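Here the structure comes first, spelled out in structure tokens, and everything after it is commentary.
Please treat every number below as a calculation from the coordinates, not as lab data. If you're wondering where the values come from, they're calculated on a predicted model, not measured in any experiment. A quick note on method: Cβ atoms are made from the backbone with ideal geometry, for glycine too, and the neighbour counts reach across all protein chains shown.
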Amino acid sequence: MSIRLVAIVSLAAAVAALGSGCSEPGAVHQPLLASYYANDVVAPRPPPPFVVETVKPRYGYVWAHSYSRWDGHDYVPVPGQWIPEKPGYRYVDASWEQHRDGWHFRPGRWLSI
């Protein structure tokens, strides 16, 4: 192998190694826990009383209120969180609806305005 070819391969490897450390990882957005319960969740008894949190408005975000999820045995509190606004949509908080067979969970969702 010629010295010139070795130098070119070495230079290419060095540039690739240095360049790989310069990139930033993309933003990771934590999905709402409600999205994990998109299938119909039915609880045998009503959820605990809803607690309204008072939060200061935050520009460009909507407050998703806390709610309780059913884990198969009991209700587990899920804290509220800020989620980015979606222009042309309004956010509807997660909720529970009473039906004949129990309480059905409805995850938080965006509705078109």
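Per-structure values
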item: Scope segment 78-98; condition within 23 Å of Val41 (Cβ to Cβ) and in contact (Cβ under 8 Å) with a residue 24 or more places away in the chain; matching residues; result: Val78, Gly80, Gln81, Ile83, Tyr91, Asp93, Ala94, Ser95, Trp96, Gln98
item: Residue list for segment 56-89, filter: hydrophobic (A, V, I, L, M, F, W, C) and under 14 Å from the mean Cα position of the chain (by Cα); result: Val62, Trp63, Ala64, Val78, Trp82, Ile83
